[in-house]
Ligand SMILES: Cc1cc2nc3c(=O)[nH]c(=O)nc-3n(C[C@H](O)[C@H](O)[C@H](O)COP(=O)(O)OP(=O)(O)OC[C@H]3O[C@@H](n4cnc5c(N)ncnc54)[C@H](O)[C@@H]3O)c2cc1C
């Protein structure tokens, strides 16, 4: 059996690590548009210049080889499901056939988005060259808040405008965490506004668009028995937080379901721990109704991030 994993999203990284231990009797192929999976968890630290690029990405070409899989550096374009095999079409590479296909490609890319991260880093370098850049950030979830605070540290002379959606700042966090984040943003001289300023030097869309692929609890597409999807590109029965942590949990079920006829169900947890870095030393975290901010939380976040990247 040949299994193609398209995109080195978190769920595929978790599944590959599982395959590395279990060595299933299947040919596994990982396709990614480059040898690295850039990790958003460490992006704020990279923006603040607390770390360098190699500490913010995972060498997935090497990971695939270590886990007994073949790596293809190519862009996934589309697939075509036929009665015998699934045909996978790639950019600048001949098509490949497989028996099972899994998609973990991240959220849909849009202009001004944070991903692909290498392209975002180029935009960031351009801002470094402007004496007093004007930056507009759309979306004040965990990503928008982290990005605003990290950019303030990197670009002290910048004017930074943050536009929350109708649901406000950190909509999934308890009220105490929302109020704390708002105070932190104000103290960092970040303007929270309903309308963005005219002609900013950079507009950053810090949100993930609604996923397009609808999946079953088994992570199979609703339209196919043999095609799976997970992470930010997959729409579950009920809305899930768009987080790497959630995608990693899906990865464990995915590894099983791709290689076994008896399928397991993905049961999302009712609450997950969210940690938002405020600067190099402090983080804000919440779990359900509880929230906390401290130095220790930042140490925990750094440890969790490094643990994910170094395995
Ligand atoms: C600033 C910021 C901070 C965040 N911090 C956290 C955090 O601390 N913890 C947390 O849990 N979540 C965090 N998130 C959310 C997290 O980034 C996403 O929810 C998470 O990355 C899930 O994405 P994914 O695994 O589905 O795909 P991704 O991580 O986006 O990976 C997709 C992979 O597929 C590749 N790819 C994409 N398209 C193609 C294609 N056509 N062909 C081949 N390869 C392709 C990409 O290069 C990439 O390697 C943060 C997000 C942002 C923006």
Practice task
Answer yes or no as to whether residue 111 is surrounded by fewer than 23 Cβ atoms within 10 Å (Cβ to Cβ) and in a loop (DSSP other than H, G, I, E, B).
Solution key: yes
Practice task
For residue 101, indicate whether it is in contact (Cβ under 8 Å) with a residue 60 or more places away in the chain, more than 30 Å from residue 149 (Cα to Cα) and away from the ligand (no atom under 11 Å from the Cβ).
Solution key: yes
Practice task
State whether one or more residues within the stretch 62-70 are loosely packed, with under 15 Cβ neighbours inside 10 Å, under 29 Å from residue 147 (Cα atoms) and in contact with a helix residue (DSSP H, G or I) (Cβ under 7 Å, 6 or more places away or on another chain).
Solution key: no
Handout entry: Failed item, numbered, when residue 239 is tested on (1) in a loop (DSSP other than H, G, I, E, B); (2) at pLDDT 95 or above
Key = (2)
Exercise for the section: Could you tell me whether the stretch 76-92 includes any residue that is assigned by TED's automatic domain parsing to the domain that holds residue 17, free of Cβ contacts under 8 Å to residues at least 12 places away in the same chain, within 11 Å of the ligand (Cβ to nearest atom) and assigned to a strand (DSSP E or B)? Expected result: yes
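For (1) within 21 Å of the chain's Cα centre (by Cα); (2) more than 19 Å from residue 144 (Cβ to Cβ); (3) modelled with pLDDT of 95 or more, each residue gets a yes or a no:
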| residue | (1), (2), (3) |
| --- | --- |
| 224 | no, yes, yes |
| 230 | yes, yes, yes |
| 243 | yes, no, no |
| 247 | yes, yes, yes |
| 250 | yes, yes, yes |
| 258 | no, yes, yes |
| 263 | no, yes, yes |
| 272 | yes, no, no |
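Does residue 254 satisfy the condition of being touching a strand residue (DSSP E or B) at 6+ places or on another chain (Cβ under 8 Å) and either over 20 Å from residue 11 (Cα atoms) or touching a residue at least 12 places away in the same chain (Cβ under 8 Å) (or both)? Give the derivation first.
Details: touching a strand residue (DSSP E or B) at 6+ places or on another chain (Cβ under 8 Å): yes; either over 20 Å from residue 11 (Cα atoms) or touching a residue at least 12 places away in the same chain (Cβ under 8 Å) (or both): yes.
The answer is yes for residue 254.
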Exercise for the section: Taking only the stretch 203-216 into account, find how many residues are out of contact with any helix residue (DSSP H, G or I) (no Cβ under 8 Å at 6 or more places or on another chain) and either farther than 26 Å from residue 270 by Cβ or assigned to a loop (DSSP other than H, G, I, E, B) (or both). Expected result: 5
Problem - Filtered residues of the stretch 24-45 (kept if surrounded by fewer than 20 Cβ atoms within 10 Å (Cβ to Cβ) and closer than 17 Å to residue 255 by Cβ) - result: 24, 25, 26, 27, 29
Exercise for the section: Quick one: count up the residues across the stretch 19-40 that are more than 15 Å from the ligand (Cβ to nearest atom) and touching a helix residue (DSSP H, G or I) at 6+ places or on another chain (Cβ under 9 Å). Expected result: 7
Fill in the blank from the handout: Scanning the stretch 231-261 for residues that are within 10 Å of the ligand (Cβ to nearest atom) and surrounded by fewer than 18 Cβ atoms within 10 Å (Cβ to Cβ), the one nearest to residue 98 (Cα to Cα) turns out to be 245
Completion exercise
Across the stretch 217-230, the tally of residues that are without any contact (Cβ under 8 Å) to a residue 40 or more places away in the chain and either in a loop (DSSP other than H, G, I, E, B) or more than 16 Å from the ligand (Cβ to nearest atom) (or both) stands at 3
Exercise for the section: Restrict the check to the stretch 41-56 and report whether at least one residue is in a strand (DSSP E or B) and touching a helix residue (DSSP H, G or I) at 6+ places or on another chain (Cβ under 9 Å). Expected result: no
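The values are calculated or read from the model by the stated rules, or taken from the named source; none is laboratory data. Values in this document were obtained by computation on a predicted structure and should not be read as measured data. For neighbour counting, all protein chains shown are included, and Cβ atoms are generated from backbone atoms with ideal geometry for every residue, glycine included.
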